[in-house]
1. Estimate the FRET efficiency between Tyr301 and Arg237 by the formula 1/(1 + (r/R0)^6), using the beta-carbon distance for r and 30 Å for R0, to the nearest 0.05.
2. For the range 187-343, what is one quarter of the convex hull surface built on the Cα atoms, given in nm²?
3. Starting from the amide H of Leu159, placed 1.01 Å from N in the peptide plane, find each other amide H under 5 Å away whose residue is 5 or more places distant or on another chain.
4. Quick one: putting +1 on the C-beta of Lys and Arg, -1 on the C-beta of Asp and Glu, what dipole do you get for the chain around its Cα centre, in Debye to the nearest 20?
5. Given the -39500 (n - 2.57) contribution per DSSP H run of 4+ residues, what per-residue ellipticity at 222 nm results for the chain, rounded to the nearest 500 deg cm²/dmol?
6. Quick one: which residues, 5+ away or cross-chain, put their amide H under 5 Å from the amide H of Ser242? H built at 1.01 Å from N.
7. Compute the long axis of helix 34-68 from its Cα atoms, compare it with the longest principal axis of the Cα atoms of the chain, and write down the angle in degrees, 0 to 90, nearest 10.
8. Post the alpha-carbon centroid distance, the range 89-134 to the range 40-74, in whole angstrom.
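Every number in this text was worked out from the coordinates using simple rules, so none of it is lab data. A quick note: this is a predicted structure, and the numbers were derived from the prediction, not measured. Every residue, glycine among them, receives a Cβ derived from its backbone with ideal geometry; neighbour counts consider all protein chains shown.
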Amino acid sequence: MSAKIVYFQILILISTMVFSEELLQRGEAYILTESSWHEVKAQEKKAYQESKKELRVLKKQTLKKIKSAEKNPIRYISPDGNIFINKLYRITPYNEFNGHTLVSIDNEPYQKLEKEILILGEGYHTINYKFLDEKGNLRSEKTETAFLDLSSPEINAQLEGIYFEKNSFYYYKPGVKLFLQTKDYESGLDEIFINLNNKGYLPMDKLNQPMDSPGLKEIRILATDKVTNISQEVYLRYTIDSEPPIIDVELNSIPELHTKTGKLCERDTSIRLSAFDMGSGVSKIEYRKKGDSKWRVYRDYPLISRKKKKISLEYRAIDNLGNESEIKYFKCKVKNETNSMYD
């Protein structure tokens with residue numbers, strides 16, 4: 001095989017080689033043929049669709065947990081052996097002797113357990129059992145203490161970061177963090193659920209969406225304890241403002257434009273600076289003339305060319321979170337008194 005043919009085959013091979021973006025992002029320099037690339041992309045698409053399906057299933061399961069909270073009898077035994085029950089828990093002990101069961105709650109007289117018994121009143125309760133056989137003989141006794149937990153978890157949710165308040169609304173710089181303090185004084189905290197931007201509740205440890213990406217954020221938070229008492233919903237609403245203001249220059253007359261001299265302004269040209277910010281709002285506009293090192297705060301009055309031969313101005317705007325616009329420039333030569341062209 002000649003050198004030319006080998007060189008031609010190498011060119012064909014290189015032209016069909018493509019890179020998988022996902023593999024490159026992982027820092028793995030795999031070189032794939034075109035057919036392999038299509039196979040990888042198909043696998044990536046399948047994995048993405050499966051992850052979306054899993055997320056939908058997880059959201060449904062989470063919603064079911066939230067809706068069923070406090071609606072079923074729960075008995076929870078803590079690692080240290082303490083028994084906690086919720087308000088729907090019914091006393092239905094199993095009698096292996098096939099006889100009657102006698103129950104005494106908080107040292108009240110024993111009563112025959114013919115139907116389920118509810119315990120009322122939050123706190124500790126002592127329950128005594130006597131198990132009889134078919135002939136009415138006492139075969140076994142048992143005593144246990146259970147805590148009826150009627151209290152729901154408490155949630156303290158705060159945002160930590162640089163912010164600005166405007167009309168009772170909060171604007172934050174990127175990097176804001178959600179600080180959560182949850183308490184449950186009885187059976188203990190079980191799960192925390194978060195709903196970001198009304199996309200459905202998820203367990204907190206399954207939330208993989210950033211809370212500080214630009215734009216409006218709405219966060220709803222719920223928590224349950226070990227016997228499914230559910231907290232009040234906590235609601236946070238704020239905006240992540242990472243966009244700088246938009247700034248522009250306004251002139252009282254339109255400059256003439258010449259090929260050689262550039263812009264040519266009238267001698268009495270006045271300049272106004274204006275800025276707009278969709279987020280936290282404009283804090284200030286600054287400007288400086290050519291040769292100045294220090295910025296001056298613009299006070300919303302016109303800057304007039306006076307007797308200058310040239311106008312050279314730099315200007316910028318800063319919002320209330322410190323986001324700065326890019327520095328803009330306005331340059332213009334001023335017409336002299338005898339000519340429309342600058343000497």
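1. In this case the efficiency is close to 0.20.
2. 14.4
3. Phe179
4. 2120
5. Only helices count here, giving -5000 deg cm²/dmol.
6. Sorted by chain and number, the residues that satisfy this are Gly215.
7. 50
8. Using only Cα atoms, the two centres lie 41 Å from each other.
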